[in-house]
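Undergrad: Below is one structure. I have some questions about it.
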Amino acid sequence: MSGIDSVLKENRLFQPSDEFRTNATVSGMEGYNALCEKATADYEGFWADLGRNLLSWKKPFTQILNQDNPPFFKWFEDGLINVSYNCLDRHLESKANKVAIIFEADDGSVTRVTYRELYHRVCQFANGLKSLGVVKGDRVVIYMPHTVEAVIAMQACARIGAIHSVVFGGFSAGALRDRIQDAAAKLVITANESIRGGKPTPLKSMVDEALGLGGCDSVEKVIVFQRTSNKPEHWNAERNVWWHKLVQDQADVCEPEWVESEHPLFILYTSGSTGKPKGVQHSSAGYLLGTQVTMKWVFDYKETDVYWCTADVGWITGHSYIAYGPLGIGATQVVFEGVPTYPDASRFWQMIEKHEVTTFYTAPTAIRSLIKLGGDLPKQYDLSSLRLLGTVGEPINPDAWMWYYETIGGGRCPIVDTWWQTETGCNMIAPLPGAVAIKPGSCTLPIPGIMADIVDESGAPVSTGKGGFLVISKPWPSMVRNIWGDSERFAKTYFPEDYNGKLYLAGDSAHYDENGYIWIMGRIDDVLNVSGHRLGTMEIESALAANPLVAEAAVVGKPHDIKGEAVVAYVVLKGQRPEGDDAKRIAKELREWVAHEIGKIAQPDEIRFGDNLPKTRSGKIMRRLLRDIAKGQEITADTSTLENPAILEQLRQSAI
Ligand code: 6R9
């Protein structure tokens, strides 16, 4: 990864082509500036116009933004709406036969689902949920493979006003249990197995294990979608319901439940700086509006587009830019079940050619690994259908950016580097591709209507080139509304007292360059970004500490060529510090333990055993030193307050 120095030297600017600019929804800097001016002059009016134009309402709103009880903001409060109606029903008149989803399975087989079919399947499943007693406000956990059915499950919840909480299929039974318990879910929707890269994962058994761990008494039923022909290990006739049996006699129409704008659409758990993941709670109307505005402006949506976002529905990107954004705007999109490297590293490029994809949205980590596995492979495919590329999830290093721009985009497709978060609901800082000139590695400028700034400790804006904290100074429609069940943590985390509770603190550091462009430098809290996935160091630490062998653990990140960041764990065992083969064996055991406690994505890349950890005399672990050691750097920090300086040398030599 490029460090700050090389990033600051980056001055290549790529203007949109005349053709792209002329046809773009927001054309040229005049277009961008006009929108920004409108948002500044009449902030609420700006969003209200968009809310009226881009969403279909059962009862139109008359109130725009309610700021009576900050930071609990409300948007379009007195309106009535249904998100699934906006994603399906409203398209039936003009594009019932348009393909909504081109589903490519792991094994390469392709299924096409039109808007009419999707509408009927969502309605049937929604009726199935109702028949099991699910009502407005109930929580439903979705633990599914990345398939059309996952989207149907989400849309069906939205249709009846149930609040879904999707848990990524890579999370372990323990992580799943924690989420089911925190949300007090009434129902779990899963599949017998998921299949990725040719390998099955027994999702249904993981659900059984999660429920067996206790604390999930709220769960009444588990719906099981049959993804493969393998039978689930156990079948509890009282609790388990096959998806296909549930829907077979259901009507294929289902009146949407009209909900208030602020009705929670979903909860999505994400990592923060404590051991406990946060249930990020989103609204219905404001959230959907954020996805629609950005589909239009950032992805410059055209009726003829074939759009493909490679995320999994288990993450926010899969929510906003698969399950809701593209369907809301009536796009044709590719949904891909598999992984980019199976059967080989040309899978993405082959699929772009096959489906004539126009808009391709992926993560820097995928780009970097595909460069490494076969930087020349794309040349064997016809990628000329592409017109726009996007990235999300982490900073992209200029080298990978240039490869993406030239090799994939043929130098003709703008790249939208989109900065946003689970909490922001939609893209926040990203170039509007027909307007803003792009620069490798920078997410450039806020989208119109998003009041982003970079400030110092006192809340004063920083000058060019100087690092600071990324904040948003005005509430926006798709913002997080609460942390499920923990309003206090919500206010404290995102609207800290340091800024009198007035600024949304994103948790990222950033700076402006000489063009006024924003560069994201990384997290300011104990959150790692491993392959674009957010992981709390505290979560991994508590998982390790729960192992009977472990006395104490500290986790830090270190730069990694492909993953962006790698997980390094420092571990003190209850017994002797292990060496040689013993150390290797225990390290392996601990990796498997973390995979079992959280999921494979959280496994430490490196484990270092010590007799103890570097601590101050007051007992605080000096993480800065641990980061330096992990990077193999000389320790420059002051170590005079260190209780046990000799430990540094031991840790330095102990990488496994
Ligand atoms: C959408 C998503 C959010 C964190 C965020 C930041 C990092 C996301 C980025 C980026 C640099 C970008 N991040 N997009 N950093 N450039 N374009 O990823 O949500 O999983 O909640 O992660 O990811 O650090 O704070 P989430």
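The values are calculated or read from the model by the stated rules, or taken from the named source; none is laboratory data. Being a predicted model, the structure only gives us computed values, none of them experimental. Note: ideal-geometry Cβ built from the backbone for every residue, glycine included; neighbour counts use all protein chains shown. Calculation scope for accessible area: heavy atoms of the full protein, side chains included, ligands and nucleic acids excluded. Shrake-Rupley method; radii C 1.70, N 1.55, O 1.52, S 1.80 Å.
Undergrad: Would you mind listing the strands (runs of 3 or more DSSP E) fully within the stretch 504-586 where at least 2 residues are more than 16 Å from the ligand (Cβ to nearest atom) and without any contact (Cβ under 8 Å) to a residue 60 or more places away in the chain?
TA: Working: elements: 504-512, 518-523, 527-530, 533-536, 550-560, 564-573.
Output list reads 550-560, 564-573.
Undergrad: Return the pairs, sorted by first residue and then second, in which the second residue is among the aliphatic types (A, V, I, L, M) and assigned to a loop (DSSP other than H, G, I, E, B), the first residue lies in the stretch 375-388 and is under 13 Å from Thr358 (Cβ atoms), the beta carbons are less than 9 Å apart, and the residues are 6+ apart or on different chains.
TA: Qualifying pairs under 9 Å: Leu383/Val357; Ser385/Val357; Leu386/Val357.
Undergrad: Okay, moving on. Which condition does Pro431 not pass, out of (1) open to solvent by 10 Å² or more (accessible area, probe 1.4 Å); (2) at negative phi; (3) within 16 Å of the ligand (Cβ to nearest atom), if it passes all the others?
TA: Failing condition for Pro431: (1).
Undergrad: Same structure, new question: In the stretch 229-246, which residues are outside any loop (DSSP other than H, G, I, E, B), of a type outside the set (Lys, Arg) and either out of contact with any Gly (no Cβ under 9 Å at 6 or more places or on another chain) or open to solvent by 100 Å² or more (accessible area, probe 1.4 Å) (or both)?
TA: Within the stretch 229-246, Asn240, Trp242, His244 qualify.
Undergrad: Identify all residues within the stretch 293-319 that are in a loop (DSSP other than H, G, I, E, B) and open to solvent by less than 10 Å² (accessible area, probe 1.4 Å); write none if there are none.
TA: Scanning the stretch 293-319 gives Val298, Phe299, Asp300, Asp305, Val313, Gly314.
Undergrad: Restricting to the stretch 600-615, and then to whatever is of a type in the set (A, V, I, L, M, F, W, C) and in contact (Cβ under 8 Å) with a residue 60 or more places away in the chain, can you tell me which residue is surrounded by the most Cβ atoms within 10 Å (Cβ to Cβ)?
TA: Only one residue fits best here, namely Ala602.
Undergrad: May I ask you to list the residues in the stretch 443-477 that are part of a strand (DSSP E or B) and either free of Cβ contacts under 8 Å to residues at least 60 places away in the same chain or under 20 Å from Tyr494 (Cβ atoms) (or both)?
TA: Hits for the stretch 443-477 are Pro446, Ala452, Asp453, Ile454, Val455, Pro461, Gly468, Phe469, Leu470, Val471, Ile472.
Undergrad: Of all residues in the stretch 375-389, which are away from the ligand (no atom under 16 Å from the Cβ) and open to solvent by less than 10 Å² (accessible area, probe 1.4 Å)?
TA: Pro378, Leu386
Undergrad: If a residue must be touching a Phe, Trp or Tyr at 6+ places or on another chain (Cβ under 7 Å), part of a helix (DSSP H, G or I) and crowded, with 24+ Cβ neighbours inside 10 Å, how many such residues does the stretch 320-348 contain?
TA: Of the residues in the stretch 320-348, 2 are touching a Phe, Trp or Tyr at 6+ places or on another chain (Cβ under 7 Å), part of a helix (DSSP H, G or I) and crowded, with 24+ Cβ neighbours inside 10 Å.
Undergrad: Which ones in the stretch 253-271 are within 16 Å of the ligand (Cβ to nearest atom) and not in a strand (DSSP E or B)? Explain how you work it out, then say what you get.
TA: Applying the first criterion (within 16 Å of the ligand (Cβ to nearest atom)) to the stretch 253-271 yields 266-271.
Ser271 - this is the single residue of the stretch 253-271 that is within 16 Å of the ligand (Cβ to nearest atom) and not in a strand (DSSP E or B).
Undergrad: Moving on to the next point. Could you check Ala175 against (1) closer than 30 Å to Phe76 by Cα; (2) not in a strand (DSSP E or B) and say which number it fails?
TA: Failed condition: (1).
Undergrad: Something else now. Taking the condition of being part of a strand (DSSP E or B) and farther than 17 Å from Ala554 by Cβ, how many residues in the stretch 587-608 meet it?
TA: Looking only at that region, the number is 1.
Undergrad: Determine whether Asp89 is modelled with pLDDT of 95 or more and touching a Pro at 6+ places or on another chain (Cβ under 8 Å).
TA: Details: modelled with pLDDT of 95 or more: yes; touching a Pro at 6+ places or on another chain (Cβ under 8 Å): yes.
Yes; evaluated as a whole, the condition is true for this residue.
Undergrad: Still on this model: With respect to Ile371, determine if the residue is touching a Pro at 6+ places or on another chain (Cβ under 7 Å) and buried (at least 18 other Cβ atoms within 10 Å of the Cβ).
TA: The answer is no for Ile371.
Undergrad: I would also like to ask the following. Kindly indicate which of Ile415, Ile447 is under 30 Å from Ile483 (Cβ atoms), crowded, with 22+ Cβ neighbours inside 10 Å and more than 10 Å from the ligand (Cβ to nearest atom).
TA: After ruling out the rest, the residue left standing is Ile447.
Undergrad: Moving on. Select from the stretch 172-192 the residues that are open to solvent by 10 Å² or more (accessible area, probe 1.4 Å) and either among the β-branched types (Val, Ile, Thr) or touching a helix residue (DSSP H, G or I) at 6+ places or on another chain (Cβ under 8 Å) (or both) and list them in ascending order.
TA: Listed by number, the residues that qualify are Gly174, Arg177.
Undergrad: More than 10 Å from the ligand (Cβ to nearest atom) and modelled with pLDDT of 95 or more: does that describe Pro398?
TA: no
Undergrad: Which condition from (1) closer than 15 Å to Gly314 by Cβ; (2) surrounded by fewer than 22 Cβ atoms within 10 Å (Cβ to Cβ) is the one that Thr114 breaks?
TA: Exception for Thr114: condition (1).
Undergrad: Could you check the stretch 456-476 and list, in sequence order, the residues that are crowded, with 19+ Cβ neighbours inside 10 Å, more than 12 Å from the ligand (Cβ to nearest atom) and farther than 18 Å from Ala39 by Cβ?
TA: Hit for the stretch 456-476 is Gly468, nothing else.
Undergrad: Has the stretch 390-400 got at least one residue that is open to solvent by 40 Å² or more (accessible area, probe 1.4 Å) and assigned to a helix (DSSP H, G or I)?
TA: yes
Undergrad: Then there's this: Looking for whichever is touching a Leu at 6+ places or on another chain (Cβ under 7 Å), surrounded by 16 or more Cβ atoms within 10 Å (Cβ to Cβ) and part of a helix (DSSP H, G or I) here; the options are Val122, Val134. Which one fits?
TA: Details: Val134 fails: part of a helix (DSSP H, G or I).
Residue meeting the stated conditions: Val122.
Undergrad: Quick one: in the stretch 194-239, which of the residues that are of a type in the set (S, T, N, Q) and under 28 Å from the mean Cα position of the chain (by Cα) is nearest to Asp138 (Cα to Cα)?
TA: Initially, the stretch 194-239 is screened for residues of a type in the set (S, T, N, Q), giving 194, 201, 205, 218, 226, 228-230, 236.
Right, trim to under 28 Å from the mean Cα position of the chain (by Cα) and you get 194, 201, 205, 218, 226, 228.
On the way: Ser194: 26, Thr201: 28, Ser205: 24, Ser218: 10, Gln226: 24, Thr228: 29 Å.
Checked the stretch 194-239; the qualifying residue nearest to Asp138 (Cα to Cα) is Ser218.
Undergrad: Let me ask you something else. Which one of the conditions (1) surrounded by 21 or more Cβ atoms within 10 Å (Cβ to Cβ); (2) within 25 Å of Asp561 (Cα to Cα); (3) away from the ligand (no atom under 15 Å from the Cβ) does Ser442 fail to meet, given that it meets all the rest?
TA: So Ser442 meets the others, but not (3).
Undergrad: Separate question: Considering only residues of the stretch 482-498 that are open to solvent by less than 20 Å² (accessible area, probe 1.4 Å) and touching a residue at least 24 places away in the same chain (Cβ under 8 Å), which is nearest to the ligand (Cβ to nearest atom)?
TA: Of all residues in the stretch 482-498, those open to solvent by less than 20 Å² (accessible area, probe 1.4 Å) come to 483, 490, 494-496.
Then keep just the ones that are touching a residue at least 24 places away in the same chain (Cβ under 8 Å); that gives 483, 490, 494-495.
Values: Ile483: 13, Phe490: 15, Tyr494: 12, Phe495: 16 Å.
Applying the filter and picking the extreme gives Tyr494.
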